[in-house]
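**Q** Provided herewith is a single structure, encoded as C-alpha cells, for subsequent inquiry.
Read the figures in this text as sums done on the coordinates, not as results from a lab. These numbers come from a predicted model, not from an experiment. Every residue, glycine among them, receives a Cβ derived from its backbone with ideal geometry; neighbour counts consider all protein chains shown.
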Amino acid sequence: MLLLSLFTLMGSARSNKFLRVEGQDIICPDGSKLLIKGTNLGNWLNPEGYMFGFSKVNSPRFINEMLSQLVGPDEAAAFWHDFKDSYITREDISFLAKEGANTLRLPFHYKLFTNEDYMGLADNSNEGFRLVDKVVEWCRAEGLYLILDMHDCPGGQTGDNIDDSYGYPWLITERAPQEQFIAIWKKIARHYRNEPVILGYELMNEALATHFNNDYNRLSHQLDTLYKKAAQAVRAVDRNHIILIGGGNWNSRFEFISEWDYDPNLMFTCHRYGGEPTAEAIRHFTETRERTGRPIFMGEIGHGSIEWQTRFSETMESLNMGYTYWPYKKVDGSCMMGVQRPEGWQRIVDFAEANRDNYKSIREARQNLSQAEAISILRQFLANVRYANCKPQTDYIRSMRLKEE
C-alpha cells in the first residue's frame, strides 16, 4: 500500500506536458485521447538479417562478424558508422508525419548506451543519446511521439536472433545482466525525464520465445519480478513518462502479470503476425485490457497482404487499440519504404549464406569477392537506404490507415 500511495502522489505531481494513462486510454496534454498509429524504425539501431536480404546471418552480432570477415573490421566499422547516419534521417521523419503517423516506435540495442563495441563505435556510452536525441528533435518538429523500445537487452530476453543473444534469455535468470538492464533504463529515464516528445519507455521487446515453453511458468514469474524492479528504478528519476510492459511468448501472453497497480502510468503492448484479422482473433489481448483496466497497443504488426492489413487496421481502430506497423524500411518491400538492392548485392548475400564455419571456409568464401568489390557494393547500399533513393510502397501505406478516411 505504501508503494502504491507513493506512486499515486507521484502521478498527481506529473507535469501536464506529458501523455498519461487514464483507464484504458492514453490521454494527451490537452485532454484528448491518443490512438497510436505509426511504424517501427526497425533495422536502424538493431540490424536484422532479413531486412538486408540475409537469412542465415540474422542478428547484429552475426551481421557484423560476416562483414568483418568480408572487408575487415575497420571497413565494417566504417559501414556501420555511415549506416547509422543514413538509414533514418530528418527526411524520413518528415515523410512519416506527412503520411499521417502520430507515433514512432524506436527499437534499440542496449550496447548503444554502454562502452561495448557496437555498430562501429567502441568506448562511447553517449552514442545512443547522440542518435536518439536527433530523432527526438525531428519528432518535435513534426509533431510526433516516440516510444523507446529496448529491443536487445543485456544477456538477452528472448533467446533468439531478435535480441542478439546467445540462444537463451539469460537476462531473466542472471543477476549481472539484470543490474545492467536496470541501470541503463535509469540512465535513459534520467536523460529524457523532462522530454514530452517521448511517449514512454518499453522496457523490453518480445521476452521469452516459444522455444522455452517447457520452463515458461518459472521464467515468466521471474520476468514479472524484473519488470517491477525496472519500473521502480525508472520512477526513481522520472515521474512523467508511461512505462510499457510486453507479454511473454513474443509479446503474446499476459496471464503471468498479476499486479499492475504498482504504477498508475503503466500500459501493455502486444505483437501479432498472421492469423485472422478479426476482433475475435485477438480477444485475449482485449481481455487483458479489460482485466487490468489499462491500455494495450499493438507494437508490431505487418508482413501481410494489403487486404489483410487493411482489415486488421480497421479491426484495431474499432477496438480502440493503437498500432505501429513493422517495419518502416527494408529491402524488397513489405514495408512503408522499400530499399532497392544495389547491383551486385547478391554477391554479398552469397558470402553471408556461404559456409564460414572455420578459417579455411572463410578464406574460400572470400575468394569469390574482393575487398574492393565488396566495399563498392556496400557503399552503394548505403546510398540506396537514404530517403531520397527509397521507394514508397503506396498500397502498403494505405493499408495502415494512418490518415483519416
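**Q** Just flag the GluC sites (Glu not before Pro) in region 246-283 sitting in loop per DSSP whose Cβ has no more than 14 other Cβ atoms within 10 Å.
**A** Answer by residue number: E255, E259.
**Q** Of the candidates D85, D152, D263, which one comes out as most mobile in a Gaussian network treatment of the chain with C-alpha springs shorter than 10 Å?
**A** D85
**Q** Region 265-362: which chymotrypsin sites (Phe, Trp or Tyr not before Pro) are DSSP loop and have at most 10 other beta-carbon atoms within 10 angstrom?
**A** Within region 265-362, no chymotrypsin sites (Phe, Trp or Tyr not before Pro) qualify (loop, at most 10 other Cβ atoms within 10 Å).
**Q** Name the trypsin sites (Lys or Arg not before Pro) in region 31-83 that are in a loop by DSSP and that have at most 10 other C-beta atoms within 10 Å, would you?
**A** none
**Q** A further question on this structure: Given [x] 29; [y] 36; [z] 15 as candidate values of percent of Cα pairs over 39 Å apart, which corresponds to the one derived from the coordinates?
**A** Label of the calculated value: [z].
**Q** Subtract the Cα-Cα distance of K33 and R386 from 0.36 nm times their separation in residues, and report this length gain in nm to one decimal.
**A** Full extension of this stretch gives 123.7 nm more.
**Q** Still on this structure, I have one more. Between R130 and R283, how high is the FRET efficiency from 1/(1 + (r/R0)^6) when r is the Cβ-Cβ distance and R₀ = 45 Å? Nearest 0.05.
**A** 0.60
**Q** Can you figure out the FRET efficiency of S94 with Q340, using R₀ = 22 Å and their beta-carbon distance, to the nearest 0.05?
**A** E(calc), rounded to 0.05, equals 0.60.
**Q** Report, in listed order, any pair from K56/K228; K329/K403; K17/K329; K98/K134 with a Cα-Cα distance greater than 29 Å.
**A** Listed pairs above 29 Å: K56/K228; K17/K329.
**Q** Work out, step by step, the length gained on full extension between Y273 and H221: first 0.36 nm times the residue separation, then minus their alpha carbon distance; give nm to one decimal.
**A** 16.2 nm
**Q** For V349, V339, V237, which order do you get if you count the other beta carbons within 10 Å of each Cβ and list the fewest first?
**A** Going from sparsest to densest Cβ surroundings: V237, V349, V339.
**Q** By how many nm would the segment from D85 to R190 grow when fully extended, if each residue of separation counts as 0.36 nm and the alpha-carbon distance is taken off?
**A** 35.3 nm
**Q** If you build a Gaussian network model of the chain, linking Cα atoms that sit under 10 Å apart, which residue out of N213, N46, N102 swings the most?
**A** N213
**Q** Contact order normalised by length for the chain, with contacts defined as Cα pairs under 8 Å and 6 or more residues apart; what percent is it?
**A** Value for the chain: 20 percent.
**Q** Let me ask you something else. Which value at 222 nm does the chain reach when only helices count, each DSSP H run of 4 or more adding -39,500 (n - 2.57), with the total divided by all residues and rounded to the nearest 500 deg cm²/dmol?
**A** -12500 deg cm²/dmol
**Q** On to the next question. Between E290 and T394, what is the FRET efficiency for a Förster distance of 60 Å, r being their Cβ-Cβ separation, to the nearest 0.05?
**A** It comes out at approximately 0.95.
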